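Heads up: the structure comes next, in C-alpha cells.
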Amino acid sequence: MKDFDPDDCEAQTERAIENADRQRHALKEGAVFSTFELQGPKMPADGRVLMQCGHVAQGFRTLPDGTRMPVCIICACISKDPLAPYTPAPDPPDLTGRTAYCADCKKPTPSAYTLPFFELGRWVKGERKEDEDTYYCGCRGWD
C-alpha cells in the first residue's frame with residue numbers, strides 16, 4: 001500500500017472500497033466485528049459500533065448488494081489511516097468506571113458508547129489520556 005496522502009481522496013476511497021469488499025466477504029462468512037455480529041443490512045439493537053479510529057460509527061455505507069457497513073463520518077476523508085474509519089474495532093473495552101468529558105465545555109459524565117460523538121480516549125494539553133473519553137454534550141447547540 002502506498003503512503004497515505006490526505007489530499008488524495010480518490011486513492012483513499014479506492015482503499016476504503018477494497019476494505020468494504022473484504023468486510024462484506026467476511027460478513028457473508030459470519031465474521032464477528034467488535035462485540036456485535038453484523039449480518040447483512042441488520043445492525044446491533046443499539047446501533048453502536050466502535051471503529052478503529054476510536055469514534056463510534058455515526059453512519060452507514062450501503063454497498064451495491066444492500067449490505068450496510070458502519071462508517072465514522074468524522075474521519076472518513078481526514079484520517080491518517082485510510083481504513084480506520086471503515087473498520088470496526090476488534091475488541092472494544094468495557095467502559096465501566098470510565099468518565100467522558102465534553103470536547104467543548106469539559107462536562108463530565110459516565111462513559112457510554114451511546115453518547116453523542118463518542119470517542120475512546122481524550123487529549124489533554126497535548127497528551128493522550130487512554131483512561132478518559134470524549135463526547136459532545138450539546139452545549140453549543142446542534143446546528
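Some notes on this structure:
- Enumerated strands (runs of 3 or more DSSP E) restricted to the stretch 47-138, each holding at least 1 residues that are aliphatic (A, V, I, L, M) and touching a Lys or Arg at 6+ places or on another chain (Cβ under 6 Å): 68-71
- Filter result (closer than 23 Å to Ala84 by Cα, of a type outside the set (Asp, Glu) and surrounded by 13 or more Cβ atoms within 10 Å (Cβ to Cβ)) within the stretch 103-120: Ala103, Ser111, Ala112, Tyr113, Leu115, Phe117, Phe118, Leu120
Every number here is computed from the coordinates shown, using simple stated rules; none is lab data. These figures come from a predicted structure and were not determined experimentally. Positions of Cβ are backbone-derived with ideal geometry, glycine not excepted, and every protein chain shown enters the neighbour counts.
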